[in-house]
Each structure stands twice: as C-alpha cells, then as structure tokens.
1. For residue 156, only one of the following conditions fails: (1) surrounded by 10 or more Cβ atoms within 10 Å (Cβ to Cβ); (2) within 26 Å of residue 133 (Cβ to Cβ). What is its number?
2. How many residues does the range 97-128 contain that are of a type outside the set (S, T, N, Q), loosely packed, with under 10 Cβ neighbours inside 10 Å and at pLDDT below 95?
3. With respect to residue 168, determine if the residue is touching a Lys or Arg at 6+ places or on another chain (Cβ under 8 Å) and surrounded by 13 or more Cβ atoms within 10 Å (Cβ to Cβ).
4. Check 117, 98 and return the single one that is part of a helix (DSSP H, G or I), basic (Lys, Arg) and without any contact (Cβ under 8 Å) to a residue 40 or more places away in the chain.
5. State yes or no: is residue 144 closer than 16 Å to residue 115 by Cα and either aliphatic (A, V, I, L, M) or not assigned by TED's automatic domain parsing to the domain that holds residue 117 (or both)?
6. Here is a check on your reading of the model: is residue 93 surrounded by 12 or more Cβ atoms within 10 Å (Cβ to Cβ) and not in a helix (DSSP H, G or I)?
7. Please specify each residue of the range 101-114 satisfying the condition of being part of a loop (DSSP other than H, G, I, E, B) and hydroxyl-bearing (Ser, Thr, Tyr).
Amino acid sequence: VCPVTRNAMGRWGFVWAVLGGALALVGSVAGNAFSEATVTSSASSSVPLTVTGYNDGTANLFEVVYVSSSTPSTELYVDADGDLFVKGGAVGSSSDRRLKENITTIPGALEKVSRLRGTYFNWKTSGKFDMGFIAQEVQDVEPLLVLKPSSGEDMDILNVNYLKVGPLLVEAVKELQEQVQDLHRQVNDLRAAGCASNDG
C-alpha cells in the first residue's frame, strides 16, 4: 500500500497490486473523489472494470465503468436520489419453467388491480416529485408485491417490487377482455332477438 496524498475529502490515495496478479485497488485523489476499485490483469491488452464512488460537487454518486482501450463506458449508475440506471436498458430475473413448481394462473387479478392506487407524491428526503404506489396499500392487496429488507438501517422500510406488477396486469387485461367479449355476445344476441321479433 503506497499512500500518495490527500484529496479534497481528506482521504489518502493509494495503489495496491501484486506483480502478475489480477486485482488492483486505486484510491483516487482527484477532486472530491474518495474511492475507486479497478479489476484488471497485468497484460497490456487487458480491459479493466472500475467501480467508483465519488462526489461531483453536487451529490454523492456510484458507478461501474467498463474501460476499453479508448472509450470508457458507464454500464451501471446510481445517483444521489437512489435511482438506478443500467446502460443496457434491461433488467432480468430467473424465470425458467425448470426452476419452478406448483405453477397456477393468478386468480382475481382484475379485482386486485382495481384496488391498487397510483399516486403522485414528493419524497421527504429530496423533495423530488414522483409517482408510484404506496407500499402499505399494495401490501393489503397483494403481499407478494412488497419487499422488506432483511438487514441494514432501513429494515422497517417497505419496498414495492414493480417487476412483479407485470404478471398481475397481464392476467387483469385477459379477464377484462373476457368481459368485453361476453358483452359483445350479449349485444349480438339482443340484436338477433330484435331482428327475429320484427320479422315475426
């Protein structure tokens, strides 16, 4: 470990490495940056992956950067409001049939969706205007949509798993479509009955 100087945050910068090894930790001293970890190899053609936490002068930030030879690219970014940005634009979770059992279709989805309330609100911490659900209200409708951290300082804070809202909406739309088709059949039957009575 080789300390070099202090940055604006009053923290030491350092470099740690093993000759011929594959891991390097670099404490940045530029501006207000306070931590950086780079995973790479000793080969000149290696492409390092950098994890950085820093302050850009307005807020604390966290990012994962894929550093190619000429064009560094931020692949994952978390801003001061806790918003997560993924460059690829896709977030997936395991859903293979081979991993599941006791598979059933969600019943009463339309009734559940009708009980959910979309809201506008301001976050108390930042004042940021936003929209979404209220976790306690969602929990009353469908507990599987609500997550609670198992550890950490926010253990009592409820979170909504918005990814799981999708399956509920799909089944609700299908139920609604069945109702619409049933109404169409009733209307057609009434029209047919009316035409028959007029012909008589």
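1. (1)
2. Final tally of qualifying residues: 2.
3. Taking the combined requirement at face value, the residue satisfies it.
4. Numbers: 117 fails: part of a helix (DSSP H, G or I).
Sole residue among the options that is part of a helix (DSSP H, G or I), basic (Lys, Arg) and without any contact (Cβ under 8 Å) to a residue 40 or more places away in the chain: 98.
5. Working: closer than 16 Å to residue 115 by Cα: yes; either aliphatic (A, V, I, L, M) or not assigned by TED's automatic domain parsing to the domain that holds residue 117 (or both): yes.
Yes, satisfied.
6. Numbers: surrounded by 12 or more Cβ atoms within 10 Å (Cβ to Cβ): no; not in a helix (DSSP H, G or I): yes.
The answer is no for residue 93.
7. Restricting attention to the range 101-114, the residues satisfying the condition of being part of a loop (DSSP other than H, G, I, E, B) are 101-108.
Selection gives 104, 105.
The values are calculated or read from the model by the stated rules, or taken from the named source; none is laboratory data. All values derive from a computational prediction rather than experimental measurement. No Cβ is skipped: glycine too gets one built from the backbone with ideal geometry, and neighbour counts run over all protein chains shown.
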